[in-house]
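Reviewing the structure listed below.
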Amino acid sequence: MITRSVSALSQALAAREISSVELTQLYLDRIARLNPALNAFITVDSAKSLAQARAADEFRASGTVAGPLTGIPLAQKDIFCTKGWLTTCGSKMLGNFVSPYDATVIERFNAAGAVILGKTNMDEFAMGSSNETSYYGAVKNPWDLTCVPGGSSGGSAAAVAALLAPAATGTDTGGSIRQPAALCNLTGLKPTYGVVSRYGMIAFASSLDQAGPMGRSAEDCALLLNTMAGFDERDSTSLDRPTEDYSAQLAAPAGGRPLAGLKIGLPKEFFGATERSGCSPEVLQLVEAAITEYRKLGAETVEISLPNMKLSVPAYYVIAPAEASSNLSRFDGVRYGYRAPDYDDLNDMYAKSRAQGFGAEVKRRILIGTYVLSHGYYDAYYLQAQRIRRLIANDFVAAFKQCDVIMGPTSPSTAFKLGEKSSDPVLMYLSDIYTIAVNLAGLPGMSIPCGFANSLPAGLQLIGDYFAEARLLNVAHRYQQATDWHLQCPPGLG
Ligand code: GLN
């Protein structure tokens, strides 16, 4: 049962082959058995999950037409405010925070009848690429327990890869859905900025943050996105567009080769034609093999250029910390969250609460952000980074005049060892060299499994034009119909 896709589980529930309570219990038992070694969940509350499952079963028994997610257990990243649940965002700062309300994403899953299996571990305030900055400890990669699962949605990735949940949510500010998906052999989608509401999703860098699904296939991601996407008046950057049925758009058009006419853009900056692409040869080889498969399916490839790509990491590490320093100013020990036990006066209480409540990476970002926004440096750093951001977005606009989808690696390497990069922040920041530009431009991006190097999974990145989620899912789905990389499970866990 646990190796089935969300859509297959949905059919099993509809056919009364299993009840939601039984299915939820199956996953809870697995979590109890395997989570101690993986540390993928921060909070599990069986009673709450089973109550939701029972409600889903009753709903179905009442004869009401159930939706595809009714009774489906899902893991939720601990960045989403979840009513009555501890919502820590991976930080000591929120170690005692029980949310009084639901994020829109949670509200939508609840309305769809989905069951919350637990809250997944993550890098502190989503800052990281390895899930090692979590106050609740590092997450282990189910493919190799000595390796990182990627970050910041590392708990969600490990949970789904180890079959502790059929699918999960993630958030992606600079790559945090796509990179852990790549490192754990999952399919993950970061939608166009504004497609999924950010209301109740704890803010890291508001102009970049976007939530999306992580699952074992494009088909499952489409199913989750159908529930997640949609206008929300409580998020001022939410886009009011007609709703789409992403699942319905997965099917290949009849006749001809499945992807005939699709133009795939291959950025020369990714493939090392003119510059060092920074990608490991093994990963590049797998990505190239995936592109060969796409050609077999009927797609054409064109070389494109994203000339300002190399500036994306430096621009991001000005803009994201600037926004974070502002967003994190609300954690002051007064209203909610951690408060230092001993202090002299109000200022001392602020200082000690923040000094004790935040970890090293979060403090580093707050310092950088405050610096680049300060008088005298604002023009030189923040404004300059915003100009670069525009140039990067323009590169993509030009590229999409030549192609329908851009492809390349998701991450420059497969999963690295725990501790390998934690003492070198810049090396860690370079893990997102292929993903960050997509957030800066606000575009949708996906990662799909494309093979293994030394028994560790690698990801193929698909980048689409604005609002091309349906196309990305469709292009990913057709590859997954022709290949079985995405069906591989970590040894001993399948
Ligand atoms: N690794 C990047 C960072 O640390 C991106 C994180 C994210 O997407 N949340 O900022």
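Modelled label positions at residue 3 and residue 37, each set 7 Å beyond Cα in the direction of Cβ, lie 1.8 nm from each other.
Based on the mean of other Cβ atoms within 10 Å per residue, sort peptides 369-380, 443-454, 208-219 so the most packed one is first. Please list the in-between numbers first.
On the way: 369-380: 13.9, 443-454: 24.1, 208-219: 27.2.
Going by the mean number of other Cβ atoms within 10 Å, highest first, we get 208-219, 443-454, 369-380.
Calculate the FRET efficiency for residue 334 and residue 237 from the Cβ-Cβ distance with a Förster distance of 22 Å, rounded to the nearest 0.05. Don't jump to the answer; show the numbers that get you there.
On the way: r = 27 Å, r/R0 = 1.23.
Once rounded, the FRET efficiency stands at 0.20.
Listed from fewest to most Cβ neighbours within 10 Å, the set 363, 421 follows the order 363, 421.
Shown is the FRET efficiency for residue 484 and residue 11, computed with R0 = 22 Å from the Cβ-Cβ distance and rounded to the nearest 0.05: 0.60.
For region 63-153, taking Cα atoms only, Rg and Dmax work out to 14.8, 48 Å respectively.
Extension gain residue 282-residue 417, at 0.36 nm per residue separation less the Cα-Cα distance, in nm?
46.9 nm
Between residue 345 and residue 302, full extension at 0.36 nm per residue minus the direct alpha carbon distance yields a gain of 9.1 nm. Amide H contacts under 5 Å for residue 265: 302, 404, 405, 406, 407, restricted to partners 5 or more places along the chain or on a different chain, H placed in the peptide plane at 1.01 Å from N. Per residue, the chain reaches -11000 deg cm²/dmol at 222 nm when only DSSP H runs of four or more residues are counted, each adding -39500 (n - 2.57). Stretching the chain fully between residue 378 and residue 402 yields a gain of 5.0 nm (0.36 nm per residue, less the alpha carbon separation).
All of the numbers you see were taken from the coordinates with simple rules; none came from a lab. The structure displayed is predicted, hence computed values, not measured ones. We place every Cβ from the backbone using ideal geometry, glycine too, and count neighbours over all the protein chains shown.
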